[in-house]
Amino acid sequence: MDYFKHLRYIVLNSVESLISSGALPTGLDLESINVEPPRDPSHGDVATNAALVLAGKTGLKPREVAEFLAAALDRASELSEVSVAGPGFVNIRLSDAFLHDRLRDVLDAGTSYGDSDLGQGQAVNVEYVSANPTGPLHVGNARGAVFGDALANLLQKTGFRVTREYYINDAGTQVDILARSAHLRYREALDEDIEEIPEGLYPGEYLLPVGERLAAEYGDRWLKEDEDKWLPNLRKAATDAMMDLIRTDLDAVGANIDVFSSESELVEAGRVDEAESLLADEGLIYEGVLEAPKGKLPEHWEPREQTLFRSTAFGDDVDRPLKKSDGNWTYFASDVAYHRDKIARGFNTMIDVWGADHAGHVKRMKAAVAALSGNAAELDVKLYQLVKLSRGGEPVHMSKRAGSFVTISDIVDEVGKDVVRFIMLTRKNDAPLDFDFAAVTEQSRDNPVFYVQYAHARACSVLRNAAGILQCETDGKALSRANLDRLTHGDELALIKLLGGWPRLIETAAEAHEPHRIAFYIHDVASAFHQFWNRGKEDPALRFIVDEDAELTLARAALVRGVATVIASGLQVMGVEPVEEMR
């Protein structure tokens with residue numbers, strides 16, 4: 001149960017009863033009434049703005065409406081205290097019995113606690129990574145991969161039908177460069193001395209096995225041929241080899257992709273022409289000349305007539321070219337066709353996860369989606385900032401294997417998938433992120449990965465000890481039958497309230513497309529649990545296992561199981577495996 005929704009239902013029922021009794025007039029708009037945590041926790045467990053929302057339509061002062069509402073709410077069994085504060089806020093304290101039932105919700109549901117039908121099966125396409133297939137994925141791609149994958153998990157948990165997609169940009173000049181680089185390594189595999197890698201080609205050692213593979217497959221067939229003969233064949237072979245490498249990198253970081261879409265296949269199938277025709281039929285394509293970009297002198301700008309998309313009709317700053325001066329399609333034209341393909345596949349909600357260097361493309365892509373769908377489809381672009389790598393404060397330099405950057409495999413091999421995923425979600429996607437190899441593996445409370453995992457392992461240790469002492473099962477179903485009325489201490493009830501907020505947190509994070517909120521929340525749960533543990537060291541009465549009181553020990557074991565369950569549920573969304581023992 002999302003107890004905030006339940007309490008809002010109680011508030012709305014109380015307002016309806018006041019309307020029925022004549023205390024409030026009919027025809028009031030109740031949509032803006034909400035129930036939320038108060039800004040100051042000392043004021044209560046939740047607060048409602050109902051009186052402030054309704055007062056203007058009643059002819060009464062907000063405080064007068066609040067007094068009426070407080071009296072009506074005072075009869076609800078879920079509440080232990082209702083008070084009026086300030087200009088008309090109604091502050092509410094929850095009954096212990098209501099909170100105990102929320103803990104039972106956690107215990108009965110297990111890690112599916114927080115699952116919701118918010119999405120009602122709506123199809124959502126989440127596209128992430130989509131790096132050019134010219135080499136292994138780098139640490140920046142890792143951030144996009146983790147963010148996109150965790151967001152997909154979050155949306156699935158809240159009832160959306162999610163497709164995870166990777167768009168292979170295999171139709172541009174960078175793939176020709178890849179093919180030439182692979183051909184160089186092919187020649188090297190056939191014992192030719194290639195000397196230094198020429199400027200403009202990819203120097204990474206990851207192309208060595210590609211050259212060997214080409215040599216094994218083709219022998220010396222392409223050794224003396226002109227480029228126009230071998231380039232088309234090697235484009236495909238090299239791209240396939242790079243996609244195998246990329247899939248390995250995605251597996252290493254635990255990113256699951258359902259669909260791989262190819263730009264070259266889209267172009268060859270005539271989808272770009274079809275998209276242009278569709279926009280032309282809507283009067284959104286014309287031949288025109290763009291103004292010089294801001295900040296450039298006129299002599300640096302060559303005005304020329306181009307095929308333009310009228311993106312300004314959909315909120316963009318300028319209209320955008322679909323064709324280059326040589327008559328070939330622009331990258332944007334392919335992107336337009338690709339998003340039209342998504343719409344044709346039934347996705348009216350699309351989320352694209354891009355690096356921050358693509359920020360300038362957001363408006364044009366949103367404009368294209370609006371035009372292609374008649375404003376029926378929505379595109380949300382989530383930009384992620386760079387990751388700064390260091391070791392003990394010192395910058396980490398490039399990978400020899402990649403030639404110019406640190407790869408996903410480099411960092412996963414050193415610290416493990418779960419550490420990489422967790423750290424990538426400890427900042428909002430559009431905030432820069434520092435990844436220090438030393439800091440993310442140290443065992444201290446300053447390391448959020450360790451701090452949260454230690455809380456889960458500590459909870460599992462308590463449960464193992466309780467099971468041995470009490471000679472009973474300590475799974476959620478068994479512990480939900482414990483006498484939870486014994487949980488009366490303020491810290492116990494505060495921890496239950498925090499656990500009970502998980503369903504609300506999950507839905508708000510899903511609506512905002514912000515999976516980092518999960519990391520923040522389970523860190524708060526871990527912190528509250530560690531604090532309770534420390535108080536037990538100072539006061540034996542607050543220990544989880546109380547030797548002389550089996551009933552209280554069982555009730556506290558139920559609370560500990562609730563903590564472990566919610567942390568595990570959060571880690572599940574993040575794609576991180578919870579540990580039961582720290583080594």
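What are the residues in the stretch 66-92 that are assigned to a strand (DSSP E or B) and either buried (at least 17 other Cβ atoms within 10 Å of the Cβ) or touching a helix residue (DSSP H, G or I) at 6+ places or on another chain (Cβ under 9 Å) (or both), if any? Leu79, Ser80, Val82, Ser83, Val84, Ala85, Phe89, Val90, Asn91, Ile92, listed by residue number. Being of a type in the set (Ser, Thr, Tyr) and within 36 Å of the chain's Cα centre (by Cα) is the filter; apply it to the stretch 203-254 and report the residue that is modelled with the lowest pLDDT. That would be Tyr206. Can you list the helices (runs of 4 or more DSSP H) found entirely within the stretch 266-379 that contain at least 3 residues being surrounded by 13 or more Cβ atoms within 10 Å (Cβ to Cβ) and among the basic types (Lys, Arg)? Per the criteria, 362-373. Taking only the stretch 183-202 into account, find how many residues are within 23 Å of Asp240 (Cα to Cα), touching an Asp or Glu at 6+ places or on another chain (Cβ under 9 Å) and assigned to a loop (DSSP other than H, G, I, E, B). Summing the residues that are within 23 Å of Asp240 (Cα to Cα), touching an Asp or Glu at 6+ places or on another chain (Cβ under 9 Å) and assigned to a loop (DSSP other than H, G, I, E, B) in the stretch 183-202 gives 1.
Summed over the stretch 136-174, the residues that are part of a helix (DSSP H, G or I), of a type in the set (Val, Ile, Thr) and either in contact with an Asp or Glu (Cβ under 8 Å, 6 or more places away or on another chain) or surrounded by fewer than 24 Cβ atoms within 10 Å (Cβ to Cβ) (or both) give a count of 2. Restricting Ala97, Ala47 to those that are within 25 Å of Leu495 (Cβ to Cβ), in contact (Cβ under 8 Å) with a residue 40 or more places away in the chain, exposed (fewer than 15 other Cβ atoms within 10 Å of the Cβ) and hydrophobic (A, V, I, L, M, F, W, C) reduces the list to Ala97. Only one entry in Ala280, Ala377, Ala333 is in contact with a helix residue (DSSP H, G or I) (Cβ under 9 Å, 6 or more places away or on another chain), farther than 27 Å from His138 by Cα, modelled with pLDDT of 95 or more and of a type outside the set (S, T, N, Q), namely Ala377.
Kindly evaluate Lys236 against the criterion of being surrounded by 12 or more Cβ atoms within 10 Å (Cβ to Cβ) and free of Cβ contacts under 8 Å to residues at least 40 places away in the same chain. When the stated conditions are applied, Lys236 passes them. Residues that are more than 27 Å from the chain's Cα centre (by Cα), assigned by TED's automatic domain parsing to the domain that holds Arg458 and among the acidic types (Asp, Glu) are absent from the stretch 518-536 altogether. Scanning the stretch 16-52 for residues that are outside any loop (DSSP other than H, G, I, E, B) and closer than 18 Å to Arg504 by Cα returns Val35, Glu36, Pro41, Val46, Ala47, Thr48. Any residue at all in the stretch 208-219 that's surrounded by fewer than 19 Cβ atoms within 10 Å (Cβ to Cβ), part of a loop (DSSP other than H, G, I, E, B) and out of contact with any Lys or Arg (no Cβ under 8 Å at 6 or more places or on another chain)? Yes, some residue in the stretch 208-219 is surrounded by fewer than 19 Cβ atoms within 10 Å (Cβ to Cβ), part of a loop (DSSP other than H, G, I, E, B) and out of contact with any Lys or Arg (no Cβ under 8 Å at 6 or more places or on another chain). Within the stretch 380-402, the set of residues being touching a helix residue (DSSP H, G or I) at 6+ places or on another chain (Cβ under 7 Å), surrounded by fewer than 16 Cβ atoms within 10 Å (Cβ to Cβ) and at pLDDT below 85 comprises just one member, Lys400. For Ala459, state whether it is surrounded by 18 or more Cβ atoms within 10 Å (Cβ to Cβ) and either farther than 23 Å from Val525 by Cβ or of a type outside the set (Val, Ile, Thr) (or both). Spelling it out, Ala459 is indeed surrounded by 18 or more Cβ atoms within 10 Å (Cβ to Cβ) and either farther than 23 Å from Val525 by Cβ or of a type outside the set (Val, Ile, Thr) (or both).
The values are calculated or read from the model by the stated rules, or taken from the named source; none is laboratory data. All values derive from a computational prediction rather than experimental measurement. Positions of Cβ are backbone-derived with ideal geometry, glycine not excepted, and every protein chain shown enters the neighbour counts.
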